[in-house]
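Taken together, the values in this text are just the output of simple stated rules run on the coordinates, not laboratory data. Everything numeric here is computed off the predicted structure, so don't read it as measured data. Here the Cβ is made from the backbone with ideal geometry for all residues, glycine too, and neighbour counts use every protein chain on show.
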Amino acid sequence: MNKHNRRAFLQTSTVALAAGLGPVAALGGGVIADDLVSHLSAAQVAPTVPANEERKPLRLGLILGIGRDPHEAIAKVHDLGLPTCQAFVDEIDSVLAGRLREALNKYQIEATSLVVGGPGREVWDFYGGPLTIGLVPRGTRDARIAHIKKASDFAKQCGIAAVQTHCGFIPENPNDPVYKETVAAMREVAGYCKRNGQNFRYETGQETPITLVRAIQDVGLDNQGVNFDLANLILYGKANPVDAIELLGPYVQGIHAKDGLWPTNPKELGQEVPIGKGKVDFPRIIGRLKELNYRGAVTIVREISGAQQVEDVRAAKAYLEKLTG
């Protein structure tokens with residue numbers, strides 16, 4: 001998103017979803033690329049996710065901030081008829097972890113990942129972004145490494161099998177000292193998650209797909225994966241997701257079902273729009289995921305707030321159900 005803070009959106013999304021959600025039917029999601037995997041060495045391939053075994057492929061979900069009342073947040077996912085969610089947390093403490101685990105158990109919602117950002121200022125555009133997002137900026141790197149480690153411990157308490165974040169504008173040049181520093185930081189947090197029995201997932205957006213694959217291989221750990229945000233690749237002008245999946249397919253463990261338009265202002269990201277109204281070719285993407293035997297979740301994202309967000313999520317659910325079958 002370009003004009004408002006993504007963490008602010010996630011923090012308010014629970015409130016927005018509280019507006020009159022009625023019950024609807026549930027659906028399903030997926031993970032790894034069999035035909036592409038055969039061309040790569042074991043060290044280059046993200047591991048399968050045990051949490052996906054024997055679950056329905058392409059099960060749908062929703063990303064949302066849980067705030068201080070996980071029961072209210074998770075109830076909204078249940079009322080929308082969605083079987084999974086990605087949970088964003090801003091505050092991290094053991095009391096909240098217990099509440100979230102209770103809510104997930106009560107409503108039988110699968111949290112496919114814990115989403116974390118910050119701490120500190122993050123600007124979602126082409127000028128402030130490289131200076132403020134993820135593990136790339138030196139000034140906030142240590143604090144963010146510590147925050148991701150706390151999030152990993154939090155996720156372990158909740159029984160959530162993956163932690164995901166944006167690592168930032170990873171330099172295209174692998175000889176850049178900042179690239180090497182960022183890879184070292186990624187290795188540190190991915191290694192911490194590995195010791196906690198979790199996968200660490202990189203959300204696409206700020207870097208080209210080949211740069212992300214290079215960084216994953218340079219980190220060299222077997223618990224890394226990608227949360228493939230279909231719209232972000234367009235919003236940042238980095239790649240067409242139909243093409244990008246051929247590079248990222250073996251690593252994809254999560255999907256953000258989001259739509260958007262290519263940037264026209266070189267200072268600002270493209271515009272996020274309702275699913276089906278932008279440039280993401282969902283029929284081709286879902287078809288390719290089926291070919292690749294993807295077995296993770298397809299998580300709906302709509303980065304607005306209020307009643308329109310709810311309507312757009314409902315419409316996205318209906319649209320995606322037709323494609324996922």
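Collect the residues in the range 154-202 that are free of Cβ contacts under 8 Å to residues at least 60 places away in the same chain and of a type in the set (D, E, K, R), keeping them in residue-number order.
Once the filter is applied, which keeps residues that are free of Cβ contacts under 8 Å to residues at least 60 places away in the same chain and of a type in the set (D, E, K, R), the range 154-202 yields Lys156, Glu172, Asp176, Lys180, Glu181, Arg187, Glu188, Lys194, Arg195.
Please specify each residue of the range 150-190 satisfying the condition of being surrounded by fewer than 19 Cβ atoms within 10 Å (Cβ to Cβ) and within 19 Å of the chain's Cα centre (by Cα).
Result: Lys150, Asp153, Lys156, Gly159, Arg187.
Hey, can you tell me all the residues within the range 66-116 that are in a helix (DSSP H, G or I), touching a residue at least 24 places away in the same chain (Cβ under 8 Å), under 21 Å from His147 (Cα atoms) and among the hydrophobic types (A, V, I, L, M, F, W, C)?
Across the range 66-116, the qualifying residues are Leu96, Ala97, Leu100.
Only one of these conditions is not met by Thr211: (1) within 23 Å of Asp243 (Cβ to Cβ); (2) buried (at least 22 other Cβ atoms within 10 Å of the Cβ). Which number is it?
Answer for Thr211: the failing condition is (2).
Residues to consider are Arg195, Arg121, Arg138; find the one that is among the charged types (D, E, K, R), under 30 Å from Arg59 (Cα atoms) and surrounded by fewer than 16 Cβ atoms within 10 Å (Cβ to Cβ).
Arg195
Report, by residue number, each residue of the range 97-137 that is among the aliphatic types (A, V, I, L, M) and in contact with a helix residue (DSSP H, G or I) (Cβ under 7 Å, 6 or more places away or on another chain).
Correct list: Ala97, Leu100, Ala103, Leu104, Ile109, Ala111, Leu114, Val116, Val123, Leu135, Val136.
Say whether the condition of being within 30 Å of Val313 (Cα to Cα), of a type in the set (A, V, I, L, M) and assigned to a strand (DSSP E or B) is met by at least one residue in the range 210-223.
no
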